[in-house]
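Derivation of every value follows stated rules applied to the coordinates shown; laboratory data play no part. Remember, predicted model here, so these are calculated numbers, not experimental data. When we count neighbours, we look across all protein chains shown, and the Cβ atoms used for this are built from the backbone with ideal geometry, even at glycine.
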Amino acid sequence: MSTPSGAIWGRVEQQDFRSRVRGCLLGGAMGDALGAGVAMMTLDEMRAAYGAEGVVDFVPAYGRRGGVTAATQLTLFTVDGLIRAQIRRDTGAWHPPTDVYRAHQRWVATQRDWGPDLRRKDNGWLAQEEWLYARRDPTISTLTGFAGEVMGSLDQPRNPIARDAGALVRSAPFGLLVGWEPQLVCQLALECAVQSHGSPGAYLSAGAFAAIVHAPARGETLETGVERALALLAPRPGHEPVTEALQQAMAAVRQGAPGPSVIASLGEGRTAESALAVGVYCALVAEDVRQGLRLAVNHDGPSAATASLCGALLGALHGETALPPAWVAELEGRPTLLEMADDFAMEMTQGRALHSPSETASGWLARYPRG
């Protein structure tokens, strides 16, 4: 027999947490999809193509409506790595950055292989999802960062000049570790970000974003998350660009009606820290998820990245039921996103019922091999 027992959360708390996890993953993917088809367009070009309001609905990307980029693919593998880290803890091997790194290496395999390799017993279920084998414009830094078995570190990061948002946009899941202290959430996100993005602006943005997501995932406000992130950044070398970007985002909330001109003043997401600022700003001023995502897409910068960040924040804040249902229905990979969200929520809330040092539910270990 291999079915340990014993849940550790109450039912209401489990349901609330699962809704926030679903909201975060679906919301991030939804923003990614909304911006994917216009990621290389200016606002003027969007208005010329789609009307005076710009993008207000999914537009074709990768041959379909609701298509997602590499950011969503990588986010799923981040979650996969976090679940495996929790399972491996029973063996005494506790180093989550390694498990997340290995998960991202499995994503790299999807970018070079034709399809799932059934001979690889350590793949688990996620790497068997054929739709993830589509190449969706990953950054060069992301592709090169996970090559080889020797991991980077904060002292010796990979790709030390990489300043784009590639690490940032895969970092929301760290914020869903609601049982962790915020400083540990931030630290884990930093250690995983430096595997591909070594510029302080890039990896500190990832750590700050994880800390911000952590607040609404625990039922706190976004403002609380931003203030906490600023405090966590303060002692870090090279924090100034990220700190300034977040402070500007907070100040912009009080600068009148939201719009593209305000986003332009935040840098339009052309670096990791400016993408973070835009995503946070749009989430802070959003009347609802739909309005926030439209705001996060309609500007001259990398729309998919900024809208993905905004969507993850709003989804964690409001839960899955706040997401526009028509967009949920068309979202690429929705079944996979929901399955991964539910598995993560179950691991975080009922892990003791699934595995222990002495026994493990066989079905769970088949989904997430210890490796």
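In nm², what is the average projected area of the convex hull enclosing the Cα atoms of segment 288-345? So the mean shadow area of the Cα hull is 4.2 nm².
Suppose the chain between TRP94 and ARG64 were pulled fully straight at 0.36 nm per residue; how much longer would it get relative to their current alpha carbon spacing?
That works out to 6.7 nm of additional length.
Within the listed set ALA252, ALA29, ALA71, the Gaussian network model of the chain (springs between alpha-carbon atoms below 10 Å) gives the highest mean-square fluctuation for ALA252.
Residue separation of ILE161 and ARG352 scaled by 0.36 nm, minus their Cα-Cα distance, works out to 64.6 nm of gained length.
Between ARG254 and ALA366, what FRET efficiency comes out of the Förster formula 1/(1 + (r/R0)^6) with R0 = 35 Å and r the beta carbon distance, rounded to 0.05?
0.10
Convex hull of alpha carbon positions in segment 11-367: directionally averaged projected area 16.6 nm².
Length available on full extension from GLU130 to THR42: 0.36 nm per residue minus the Cα-Cα distance, which gives 28.4 nm.
Considering segment 232-352 at the alpha-carbon level, its Rg and Dmax are found to be 16.0, 50 Å. Coupling constants for segment 200-215 follow from the phi torsions by the Karplus curve (6.51 cos²θ - 1.76 cosθ + 1.60, θ = phi - 60°), and in residue order they are x, x, 6, 6, 6, 5, 5, x, 5, 4, 4, 5, 5, 4, 4, 5 Hz; glycine and proline get x.
Just how far, in whole angstrom, is segment 175-226 from segment 253-329 if you go by their alpha carbon centroids? The two parts, judged by their Cα centres, are 18 Å apart.
Cβ-Cβ distance of GLU220 and ARG11, R₀ of 22 Å, FRET efficiency by 1/(1 + (r/R0)^6): the value works out to about 0.50. Note the angle between two axes, namely the Cα long axis of helix 96-112 and the longest principal axis of the Cα atoms of the chain, as a number of degrees from 0 to 90, rounded to the nearest 10. Approximately 70 degrees, to the nearest 10. Comparing GLU149, GLU244, GLU268, which has the greatest mean-square fluctuation in the GNM of the chain with Cα pairs linked when under 10 Å apart? Checking each option, the largest mean-square fluctuation is seen for GLU149. Look at HIS197, HIS318, HIS104 and count the other Cβ atoms within 10 Å of each Cβ; fewest to most, that gives HIS318, HIS104, HIS197.
I want to verify a result. In a Gaussian network model of the chain, Cα cutoff 10 Å, which of these has the top mean-square fluctuation: ALA329, ALA193, ALA296? Evaluated over the chain, the most mobile residue of the options is ALA329.
Projecting the Cα atoms of GLY28, VAL12, MET46 onto the dipole axis of segment 1-113, where Lys and Arg carry +1 and Asp and Glu carry -1 at the beta carbon, places VAL12 farthest toward the positive end. For the chain, take the longest principal axis of its alpha carbons; what is the angle in degrees between that and the long axis of helix 11-36, to the nearest 10 within 0 to 90? So the inclination is approximately 50 degrees. Helix 70-88 and the longest principal axis of the Cα set of the chain meet at an angle near 30°.
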